[in-house]
Structure formats: structure tokens, C-alpha cells
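The values are calculated or read from the model by the stated rules, or taken from the named source; none is laboratory data. Just so we're clear, the structure is a prediction, and the values are computed from it rather than from any experiment. Using ideal geometry, Cβ is built from the backbone for each residue, glycine included, and neighbour counts are taken over all protein chains shown. Just so you know, the surface numbers come from the protein's heavy atoms only, side chains and all, with ligands and any DNA or RNA stripped out. Shrake-Rupley method; radii C 1.70, N 1.55, O 1.52, S 1.80 Å.
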Amino acid sequence: MTYRRAVLPALAGGLLLTALLWWAGASAHALHLPGAAAMLDSQTAAELERWLAPWSYDPPSSAWLGTEVSGGGGGADGAVGTNYRALYSTALQIRFGAVFAFFIPGALLLVRRLPPVRGRMPAALLAIWAWGLVAGTLAVTVSAPWLIGSGGRGGYRFLPHLASVIASGRQVLVVTALVAAAVTVVAARVAAKGAGALSHEVVPARAARLAASVGTAVIAISLVVLSYQPVAAALQQVSPSIGLFAEPGDLLRQWLLLGAWAGPGAAPLGYWLLYRAADLLLLAVVWWALRRLPGLLTRATVPAMAAGAVCATVFGLLASQLLRMALDGVGSGLRRDLLHLAAELGNGVPAALTCGLVAGSAAALTLRVAASRAEIADAAISPQDSGRP
């Protein structure tokens, strides 16, 4: 699919994702209305408000510094409070603009290289859904400095605060990104009509399996090695004294670790193995996606494979988190609140972006080398076959 045909579906999805996030944030104040209190208990309302707060223009109490002191009289303290509120509004404006700006190039690349035609539509939907989570996470990241500054603590433990802000707002993204992905895929399906036959790259099965194994090994390093609790603790405790950028441990953990796990310990071995099934599910999803991806793409370029690997890792994370939600709900023996079970949904997207880019690039290079060797081997065998009687 050409860029001219792919740009309108990407724009439609980006606009819808931005509008849905804005609407979700604007709805946060409704949780304080009397009618909401009658429908929802206080714990559920507080949890929902925590999910919606990162996308709401209503600032938290930390952004109202000086307002109560001045009493609205326009003094120096009141001016300080106004400046903090303006900084918070600026952070939200940057956040919503960045969601749109980050979603467009990824969706454009995916729609062009993975057009939602027959046989590719489910893969395109899942990939664009995962990319919506990535775009939202990147938007939260780039707007975080303004948000931290609006709380009046921009120079104090900046990197730990940055890691905390990046981890927020992910639950809402899971739902809104799915809706935006569905609209993008439907629009791209309409745009693909009349485009003629789409190209299809023939990839040797052995080369595709090898590339998938290499990419999955990169993901496994983060999931199995770095996420092991003693190693993760060592990463989190990194705290060189370099002024504003001191204590980067929380941020490193955010961008490098896909999970956290330890040995069986006091827990029964069977229970521990059951939870490790979620990690195996993540690796299985990544391997299967990377194995299928070269054949689904119109051209297996390095950018397309890298973006596809990021989306595969994010989707694998969602699948593993849903499995853990089911295990927690059954293993607790209680009727636990669904919102409480879904609190960890969407975790690990920054690490999926980092590791997925490396895994996709490694898989693309491996695929290229393996495919070239297969072509050379076929060329060497062909003259011998042609000379036979």
C-alpha cells in the first residue's frame, strides 16, 4: 500500500485516539458527582480516578501551590500558584499533541507494510493496537518534565519522579488504543480497495525460524535475566551523584525490565511454575509473531521488523498480564474487584519498546543474512541439477 492510501487511516486513528483520551480525562470530575457515588463505591471511584488523572486537565492538589495562601487576592503566592497551574496545562497540551504525533508515523508504517487485507487483518489490528499503547507511553514520557515541574519539585529526585510519571495512565490506553486501532484498520481496508495486488515477499521457512529465535532471545534476556529480582534490585539501586540526573535506577528498571520474578522460595513449586507460564506465554507470542511477520509484511525491512517486534512484545505482555489476572482471581479464593486485578495491565511498555527495537533489528539482520545464504546455496545446487541427464 502506498503512503498516499495509508495516510488517511493513520490520521483517523490518531485523531480518534487523542479525542478518546481527552474525553476520558475530561470525565474524571464526574466521579465526584452525587450520582456517581450512588452507582460506585468509594474504592472503585478512587481507582477509576487514579486511572483517568494522567489525562485530566484538572490538576492535582500539588499543582495548586500558593492558591490557598493568597485567597485568590492576586498576591505573589497567588501568582506562583497560577504559574504552576499553567505549567500543568502546558504538560497536558504537550501530552495530547504527542499522542497524535507519535501514533501517526508508527501507524503509517504498519498500515503500509502490513495492510489489513484478507489474511492480514487480525495481525494489522493487533499491531496497531499495540502501537497505540507505545504512542501513549511516549507521549506521557515527553510531557513528564512539565508535569513534574508543575508540582514544584522539578529539581528534587527528578529521574525517580520521571519513572513514576511514565508508569501512569496505561490502563486507559489499553481500551482507547483498541478502539482507535479498529477504526484505523477499517479505514485502511477501505483505502486498500482498488490498489491492485499487494506485493508478498517469499521468505525461506528456515531463515524465518532463525530470525524469530534470535529476536526472542533478546526479549528473553530482559524477561529472564534482567527481570530476576536480584539483578533487578541491582539495577534499581544504581544511584550515581550527578545532580539532576542522580538515582537513575527506577528509570533503568522502567525501560529495561519486562517483569519481575524470583525463585520458588516459600511458595509451592507448582504455584511458582504456574506463574512462570505467563512468562512462557510472552516468549511464545513473540516467537510466533516474529516467525509470521516476514511473510505478512509486503517487505521485511529493518524499520518494519523493528516496529513489528515492538508490537509483538507489547501484545505478548498484555497476553501474559491477562493470564496473571486470571490466575490471581482464581488463586485468591475471593471475589476480588476486577479493577484491582487490572491494576498491572499495560505495565512494561517502555521496556517492550527498548527490547522490541533491538529484537526486531536483530531479527531483520538475521533474516537477511540467512535468506542470502539460502539463495547462494540454491544457486550452487541449480547448475548441478541442470547438468543431470
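Residues in region 286-310 that are part of a helix (DSSP H, G or I), farther than 15 Å from Val358 by Cβ and open to solvent by 20 Å² or more (accessible area, probe 1.4 Å): Trp287, Trp288, Ala289, Arg291, Arg292, Gly295, Leu296.
Table: residues versus (1) assigned to a loop (DSSP other than H, G, I, E, B); (2) open to solvent by 20 Å² or more (accessible area, probe 1.4 Å); (3) of a type outside the set (Ser, Thr, Tyr).
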| residue | (1), (2), (3) |
| --- | --- |
| Pro160 | no, no, yes |
| Val218 | no, yes, yes |
| Ser222 | no, no, no |
| Leu244 | no, yes, yes |
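Only one entry in Ala37, Ala45, Ala101, Ala28 is at pLDDT below 90 and open to solvent by 50 Å² or more (accessible area, probe 1.4 Å), namely Ala37.
Test Ala278 against the criterion of being at pLDDT 95 or above and assigned to a helix (DSSP H, G or I), and give yes or no. Considered against the rule, which asks whether it is at pLDDT 95 or above and assigned to a helix (DSSP H, G or I), Ala278 comes out as no.
Inclusion of Leu20 among residues that are within 17 Å of Thr176 (Cβ to Cβ), assigned to a helix (DSSP H, G or I) and at pLDDT 85 or above is warranted.
Screening the candidates Leu114, Leu125 for the property of being open to solvent by 30 Å² or more (accessible area, probe 1.4 Å) and either under 24 Å from Leu322 (Cα atoms) or touching a helix residue (DSSP H, G or I) at 6+ places or on another chain (Cβ under 9 Å) (or both) yields one hit, Leu125. Within region 246-263, can you find the residues that are open to solvent by 50 Å² or more (accessible area, probe 1.4 Å), in a loop (DSSP other than H, G, I, E, B) and not aliphatic (A, V, I, L, M)? Scanning region 246-263 gives a single hit, Glu247. Among the residues examined, Ala135 does not qualify as within 26 Å of Ala309 (Cα to Cα), surrounded by fewer than 22 Cβ atoms within 10 Å (Cβ to Cβ) and either touching a Gly at 6+ places or on another chain (Cβ under 7 Å) or at pLDDT 95 or above (or both). Is there a residue being hydrophobic (A, V, I, L, M, F, W, C) and at pLDDT 90 or above anywhere in region 323-342? Yes, the conditions are met somewhere in region 323-342.
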